[in-house]
Amino acid sequence: MSFAGAQRALARQFARECESLGLVVFFDENVTEEMWGRDFITEFRRVYGGELARYVVPFLSVDYFNSGYPMDEFYSATAYAIQRGDDPYVLPITVGDVEIPEKLLRSSIGYLRSEDYSVEQLAHIAAKRVKGSGDGAAAPAPTPIPALPLPKVPPADFSALGTLESGLITLGERFHQAKSSLARFGYTCHVRTGDSSLEVRVESRGRRVYGLKVQLEDRLGGDRLTMSRGWPDRPGSGINAWAAVEWDATTGEGRFRFSDFGRTTPNRLLSADELFDLLWQNVIEIIEQTHGSRA
């Protein structure tokens, strides 16, 4: 798969559905340890350039065509597709109202619209294509392509609000996925999501242990998710942290710079998933600190 950060939640669900059908999917979250210390661009060109993948499924969106890494993956895939000939290699799926430049993908190439199918249906279609293709003849060796230089500035349609909304959705999904893991230790985690807010409450025997409230609406100005976190009593009564949106020229997407008013925080830009990891670690720390004092 190849996708922009804004479509990570969709890509993650598609990957999981494909894996449940017996497909092997290259998804960056699955290879974190394998990629440790490696050059992402070099390794990803091996994958998308035909050395390792049988097919490439790009989720084409406005964000995709304005992101550095996805476009490098796309160029690697399309360059190899020319060598492969009649056997389709790039299987595009469009997301949202996006106009695909003719110079990147001919209008005569068939594609699927994500709005026309459920994620489960898309996964079944992919499985049918892969399992119906057979091993076939040996594919031609890929031809290396040069790096594609791009300006290290935000694209014209970069939206800080879109990054905030996407980040809030990812945080909600990750907390929903993680909440049941605390049950075995005697803790109940409640998660409530809204259009512009996320609330998390961790309880032990009916007593609040941890509270988190994340709001997209920022009364202080600026492009931020404001937070009230960690306070056992009445979370949300004050702001003690925030995550501000900044353009990350290295990854070619909007990311978050986290600030906790009372603690040292990472001096780097975080993806929405990395922001969740940081917030979840705070939940674990609170539980470990207060566990022995439970009534």
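Nearest 10 degrees is fine. How inclined is helix 68-84 to the longest principal axis of the chain, computing both from alpha carbons?
The angle comes out at about 30 degrees.
If each of GLU165 and ASP97 carries a label point 7 Å out from its Cα toward its Cβ, how far apart are those two points in nm?
1.2 nm
May I ask for the net charge around THR42, where only other residues with Cβ less than 13 Å from the Cβ of THR42 are counted and Lys, Arg are +1 while Asp, Glu are -1?
Details: positive: ARG38, ARG45, ARG46; negative: ASP39, GLU43, GLU51, ASP72, GLU73.
Local net charge: -2.
In the chain, what percent of the accessible surface is made up of carbon and sulfur (1.4 Å probe, ligands and nucleic acids excluded)?
On the way: 8210 of 16110 Å².
Exposed carbon and sulfur together represent 51 percent of the surface.
Rounded to the nearest 500, what is the 222 nm mean residue ellipticity of the chain from helices alone, with -39500 (n - 2.57) per DSSP H run of 4+ residues and division by all residues?
Details: 7 runs with 94 residues, N = 295.
Rounded to the nearest 500, the figure is -10000 deg cm²/dmol.
Can you tell me the orientation of helix 8-20 relative to the chain, as the angle in degrees between its alpha-carbon axis and the longest Cα principal axis, to the nearest 10?
Roughly 70 degrees, rounded to the nearest 10.
Report the residues of segment 4-38 in range of a label on ALA127: point 7 Å along Cα→C-beta, backbone N strictly under 12 Å from it.
The answer is 16-24.
Let me check I've understood the local charge: for MET71, count other residues with C-beta under 12 angstrom from its C-beta, Lys and Arg +1, Asp and Glu -1. What total comes out?
Working: positive: none; negative: ASP63, ASP72, GLU73, GLU253.
Surrounding charge for MET71 is -4.
Take the alpha carbon atoms of segment 253-275, find their center, do the same for segment 16-56, and report the distance between the two centers in whole angstrom.
Result: 26 Å between the Cα centres.
Of the listed peptides 3-9, 191-197, 261-267, 90-96, what is their order by residue-averaged count of other C-beta atoms within 10 Å, with the highest listed first? Walk me through the numbers on the way to the answer.
Details: 3-9: 24.0, 191-197: 13.7, 261-267: 9.6, 90-96: 19.9.
The densest-packed peptide leads the list: 3-9, 90-96, 191-197, 261-267.
Helix 160-178: angle to the longest alpha-carbon principal axis of the chain, degrees 0 to 90, nearest 10?
It works out to around 70 degrees.
Rounded to the nearest whole Å², what accessible area per residue is found for the chain with the 1.4 Å probe?
On the way: 16110 Å² over 295 residues.
It amounts to 55 Å² per residue over the chain.
How would you rank 11-21, 199-209, highest first, on the average number of other Cβ atoms within 10 Å across their residues?
Numbers: 11-21: 18.3, 199-209: 16.7.
Highest-to-lowest ranking by the protection proxy: 11-21, 199-209.
For a protection proxy built on the mean count of beta-carbon atoms within 10 angstrom, sort 158-171, 177-190 highest first, please.
158-171, 177-190
The values are calculated or read from the model by the stated rules, or taken from the named source; none is laboratory data. A quick note: this is a predicted structure, and the numbers were derived from the prediction, not measured. When we count neighbours, we look across all protein chains shown, and the Cβ atoms used for this are built from the backbone with ideal geometry, even at glycine. Please note that ligands, DNA and RNA were not included when accessible areas were found on the heavy atoms of the full protein model with its side chains. Shrake-Rupley method; radii C 1.70, N 1.55, O 1.52, S 1.80 Å.
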